[in-house]
1. Every residue in the range 254-277 that is surrounded by 21 or more Cβ atoms within 10 Å (Cβ to Cβ) and in a loop (DSSP other than H, G, I, E, B), please.
2. Only one residue in Ile138, Ile123 is within 23 Å of Tyr262 (Cα to Cα) and free of Cβ contacts under 8 Å to residues at least 60 places away in the same chain. Which one?
3. For the range 159-201, how many residues meet the condition of being farther than 21 Å from Lys135 by Cα and of a type in the set (D, E, K, R)?
4. Given Cys86, Cys131, which one is touching a residue at least 40 places away in the same chain (Cβ under 8 Å), more than 27 Å from Gly181 (Cβ to Cβ) and surrounded by 15 or more Cβ atoms within 10 Å (Cβ to Cβ)?
5. Go through the range 94-110 residue by residue and tally those that are surrounded by 15 or more Cβ atoms within 10 Å (Cβ to Cβ) and either acidic (Asp, Glu) or on the phi > 0 side of the Ramachandran plot (or both).
6. The conditions are (1) touching a Leu at 6+ places or on another chain (Cβ under 6 Å); (2) closer than 27 Å to Ala244 by Cα, and Ile122 fails exactly one of them. Which is it?
7. So, of the residues in the range 259-278 that are in contact with a Leu (Cβ under 9 Å, 6 or more places away or on another chain) and of a type in the set (S, T, N, Q), which turns out to be nearest to His237 (Cα to Cα)?
8. Looking at the range 221-238, which of the residues that are open to solvent by less than 40 Å² (accessible area, probe 1.4 Å) and more than 21 Å from Phe164 (Cα to Cα) is modelled with the lowest pLDDT?
Amino acid sequence: MYKNLFYSIVGLSLIFGLSSCGDKPKNGRTDTYSSGNIQFTCDESFHPIIDEEIEVFESIYRNAHVTPIYTDELEAVNLLLSDSVCLAIASHDFTKQQYDNFKSRGHQPKAIPLAKDGLALIINNQNTDSCISVKDVIRVLSGEAKNWSDLYPGSKRGEIVVCFDNKQSSTVHFCVDSLLGGKPINSPNIVATKTSKEVIQYVQDTPNAIGIIGSNWLNDPRDTTNITFYNNTRVMHVSRMEEAKPENSYQPYQAYIYNGRYPIVRTVYALLNDPRRGLPWGFAHFIESYKGQLIIKKSGILPIIMDTYVIDVKVNQ
């Protein structure tokens, strides 16, 4: 009896041992939902927000280490498609082609909306022509409006130079897809730097430039109300109307993104392809949790899940 019991225990041990080995992934991953080490990709334009999310996440989960690869959006998503990473932060949902690619390989991709980010148009501090309509933005990008005088008759600023953070960035893709309806950018004077920070510097140094960047790069962290932009450039007021006027044009403040008055807005997504549901899932779900959304709220862009309240305040001069 004892002999049979002994063999039964040994047999069960072998079964569990083999099962445990069989569960070990071929790629050697050992991360869990809240521990381990992973890399993920992220469009560079979301650098400030994601750095803050990582800092808080790792302070809560001391055994978790998430390392961002900041790059252009095309490369970020391509690395996800090639299974080099399991998480990418981008400004769009999976396309049908990308979704079908994963499904054909037996995967279950997941896109989680995280935030709404207003694309900001910034100009040199010397430039006082700070109101622009969406229609005129499209005219500039399409090459129809080449000079500042095409937008503001009598302007002496010369040619309009448009500066992006990267040729393959989410900012460029948004302008092509959402503003130009899929047509290419045909402005004769396009400059592409490598980072959003370099766009800001370029506009500071170039009086006739318009820079297009994510609004999360603009907020002064010293102002907890999120109503102060850095004063090293001027943020344009953008209008949905045919003609932009001060009374119908808005800057990319949270309130104006929330109520729809600011017209150039994109959604930030966490794109997941992680069958293990390990640390990539844990970090993505942290960003959409209350604490993660609070970080987004404090960054100056709009959290997609948290309750948001807008209070109109009348200021007497």
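1. Listed by number, the residues that qualify are Tyr262, Ile264, Asn273, Asp274.
2. Ile138
3. Looking only at that region, the number is 5.
4. Values: Cys131 fails: more than 27 Å from Gly181 (Cβ to Cβ).
So the residue among Cys86, Cys131 that is touching a residue at least 40 places away in the same chain (Cβ under 8 Å), more than 27 Å from Gly181 (Cβ to Cβ) and surrounded by 15 or more Cβ atoms within 10 Å (Cβ to Cβ) is Cys86.
5. Matching residues across the range 94-110 total 0.
6. Here Ile122 meets the rest and fails (1).
7. Among those that are in contact with a Leu (Cβ under 9 Å, 6 or more places away or on another chain) and of a type in the set (S, T, N, Q), it is Thr267.
8. Residue satisfying both the conditions and the ranking: Asp223.
The values are calculated or read from the model by the stated rules, or taken from the named source; none is laboratory data. Given the structure is predicted, the values throughout are model-derived calculations rather than measurements. Here Cβ is always computed from backbone atoms with ideal geometry, including for glycine, and neighbour counts include all displayed protein chains. The area values use the complete protein model at the heavy-atom level, side chains included, leaving out ligands, DNA and RNA. Shrake-Rupley method; radii C 1.70, N 1.55, O 1.52, S 1.80 Å.
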